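Have a look at the structure below before the remarks.
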Amino acid sequence: MALWGNKDLVTSTGTISIDFASKTVTGSGTSFTDDGVSQGDVINVGAGATYGFAVVDAVANNGSLTIYSTDYMVAGVTTVPVGTTFAISQEPLYAMADTAYAAPEVQTGLSTNPVTRVVYGIDQNEVSAASTTAYAVGHSGWVGITTYMDNSYNPPRLRVKHEVLVAGGISTDAGTDNTAEGLV
């Protein structure tokens, strides 16, 4: 199991539920095996990680996998109901433990407005697509991005901060495109 891979989206097809006691993820309309999900991949649970994150322990088949722990689920969450959305990536495992990027992805803190903190795998096409936007980054790799509206200006201004977590090549992934997914 590597500390990170080069795909920011392995799969997000279908929906899931999670049994916390057995650490079993049960999919509906999923294809975990066929899509290449493997041990060490990170599963982002719920839209905007509303339930949290987990690391894949083993893949049983297209409709079932197990996770190592529920340690990175949002405090107070004890179950993930049937029909929950998800996304599986190969993001750096240590990003899950970084409080700057802890779930859920939309938080409060830097301003009275919502603050969004997400780790993206950015490939060369996405670097190019975002180069003339507020989300511009200098190179491909795993990048943590924080956005919020700064109300000290009239009108308020979008603030974007980025932190390179792993510089390097991100492959064109399941979300094959020429835009910075989720950014622009």
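Per-structure values
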item	result
Rh (Kirkwood; distinct C-alpha pairs) - segment 96-167, Å	13.0 Å
Leading residue at positive end of dipole, the chain (Cβ point charges), from I43, Y94, V106	V106
Over the chain: helical MRE at 222 nm, DSSP H runs n ≥ 4 each giving -39500 (n - 2.57), nearest 500	-1500 deg cm²/dmol
Protection proxy ranking of 75-82, 10-17, 157-164 - average other beta-carbon atoms within 10 Å, highest first	10-17, 157-164, 75-82
Unit charges on C-beta of K, R, D, E only; dipole of the chain, Debye	460 debye
Rounded Å value of the spacing that divides the Cα centres of segment 143-159 and segment 59-89	32 Å
Residue order, fewest to most surrounding Cβ atoms within 10 angstrom, among M149, M96	M149, M96
Order of Y94, Y68, Y148, Y51 under a 10 Å beta carbon neighbour criterion, fewest first	Y94, Y68, Y148, Y51
Per-residue ³J(HN,Hα) for segment 94-103, Karplus 6.51 cos²θ - 1.76 cosθ + 1.60, θ = phi - 60°, Hz, x for Gly and Pro	5, 5, 5, 8, 6, 4, 5, 10, 5, 6
Percent RCO, i.e. relative contact order, over the chain, from Cα pairs under 8 Å lying at least 6 residues apart	21 percent
Inverse of mean 1/r across different Cα pairs in the chain, Kirkwood, Å	16.9 Å
Footprinting exposure proxy for F53, F86, F20 (fewest neighbouring C-beta atoms within 10 Å first)	F20, F86, F53
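Each reported figure results from applying straightforward, stated rules to the coordinates on display, with no laboratory input. Because the structure is a prediction, the values reported are computed rather than measured. Neighbour counts run over all protein chains shown; Cβ positions are idealised from the backbone, glycine included.
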